[in-house]
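Structure record follows, encoded as structure tokens.
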Amino acid sequence: MFHHALRIRQEACIGCSRCMRVCPTEALRVTGGKATLHPGLCVDCGECMRVCPQKAIYIDHDDLELIKAYKYRVVLFPSVFIGQFPDRISENKIYASLLEIGFTHVYEVEQPIEVLKNQIRKEIKTNQSGMPLISSFCPAIVRLIRTRYPSLAANILRVKTPHDMVANFVLKMFEDKGIDKNEVGIFYVTPCAAKITAVKSPLGEKQSIITGVVNSKVIYNKVMSVADKIIPVDSSEMRKE
């Protein structure tokens, strides 16, 4: 069974069936005038949430307060997150704001992208199946293949996702400094239900080394609440850390 990040507010649902019509795995049904999710079929692609006119479908994520349980609080976010802010909020201000709201270390998940690209090239070069390889970057696609097209599962690239690669790098960095890994909390920021699911129920692993996942809207609002009062930090120096 997969963990599912998508939830339905039954009190808000009007049974319009729009979610049911767009679901690629037929995981939604309208029963008694309310939509219900069949967890064995859902791949958390988020199409149902996108079309719901009542906003009855939402993403369940970890509470930001969870970071307070750790001495070292690492935030990982995709670089596109920076582009969501108005021009007056510079990249350096965003980094400083993330520190202000409680994190101690800040990383963009694309930082190890060259390592990932090299590994993908290697996988393609050594592929002898005669079949094209399928990117494993999108967890919704990976779960869709497992659910609806299992014969294609062998063609999925066996490489870690960028957020997993950064998380492993960060944890190794702390361990090299003699810091107990139990003191380190690694939190991934994403708007994607499938990526939340991929952390909560990682394929091929018993448990992800990422501690928690927070919806990017929550972090955006937190950053916006402090950014105009923050003294910027040099984000380029933080990337070297």
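The values are calculated or read from the model by the stated rules, or taken from the named source; none is laboratory data. Note that this is a predicted model, so its numbers are computed, not measured. FYI the Cβ positions are ideal-geometry reconstructions off the backbone, even for glycines, and counts take in every protein chain you see. Ligands, DNA and RNA are excluded from the accessible area calculation, which covers all protein heavy atoms including side chains. Shrake-Rupley method; radii C 1.70, N 1.55, O 1.52, S 1.80 Å.
Looking only at the range 102-118, decide whether some residue is under 21 Å from Ala69 (Cα atoms), surrounded by fewer than 18 Cβ atoms within 10 Å (Cβ to Cβ) and β-branched (Val, Ile, Thr). Write out each step before concluding.
Of the range 102-118, the ones under 21 Å from Ala69 (Cα atoms) are 102-107.
If we keep only those that are surrounded by fewer than 18 Cβ atoms within 10 Å (Cβ to Cβ) too, we end up with 102, 104.
Right, trim to β-branched (Val, Ile, Thr) and you get 104.
The answer is yes, given that some residue of the range 102-118 is under 21 Å from Ala69 (Cα atoms), surrounded by fewer than 18 Cβ atoms within 10 Å (Cβ to Cβ) and β-branched (Val, Ile, Thr).
With the requirement that a residue be open to solvent by 20 Å² or more (accessible area, probe 1.4 Å) and either among the basic types (Lys, Arg) or in contact with a strand residue (DSSP E or B) (Cβ under 7 Å, 6 or more places away or on another chain) (or both), what does the range 79-98 give you?
Residues of the range 79-98 that are open to solvent by 20 Å² or more (accessible area, probe 1.4 Å), as a first pass: 79-80, 82-84, 86-88, 90-93.
Within the range 79-98, Ser79, Arg88, Lys93 meet the criteria.
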- [ ] Mind checking which helices (runs of 4 or more DSSP H) fall wholly inside the range 140-241 and carry at least 2 residues that are within 21 Å of Gln119 (Cα to Cα) and open to solvent by 30 Å² or more (accessible area, probe 1.4 Å)?
- [x] 162-176
Task: Qualifying residues in the range 10-41 (those that are in a loop (DSSP other than H, G, I, E, B) and open to solvent by 70 Å² or more (accessible area, probe 1.4 Å)) - the one nearest to Cys52 (Cα to Cα) - done: Ile14
- [ ] Exactly one condition in (1) touching a strand residue (DSSP E or B) at 6+ places or on another chain (Cβ under 6 Å); (2) open to solvent by less than 50 Å² (accessible area, probe 1.4 Å); (3) modelled with pLDDT of 95 or more; (4) not aliphatic (A, V, I, L, M) is not met by Tyr70; state its number.
- [x] (2)
Open item on the list: Residues that are hydroxyl-bearing (Ser, Thr, Tyr) and either open to solvent by less than 60 Å² (accessible area, probe 1.4 Å) or within 16 Å of Tyr188 (Cβ to Cβ) (or both): does the range 48-64 have at least one?
Closed with: no
Task: Near pairs, Cβ below 7 angstrom, 6+ apart or cross-chain, from the range 122-141 (under 20 Å from Lys200 (Cα atoms)) to any residue that is open to solvent by 50 Å² or more (accessible area, probe 1.4 Å) and modelled with pLDDT of 90 or more - done: Ala140/Cys45
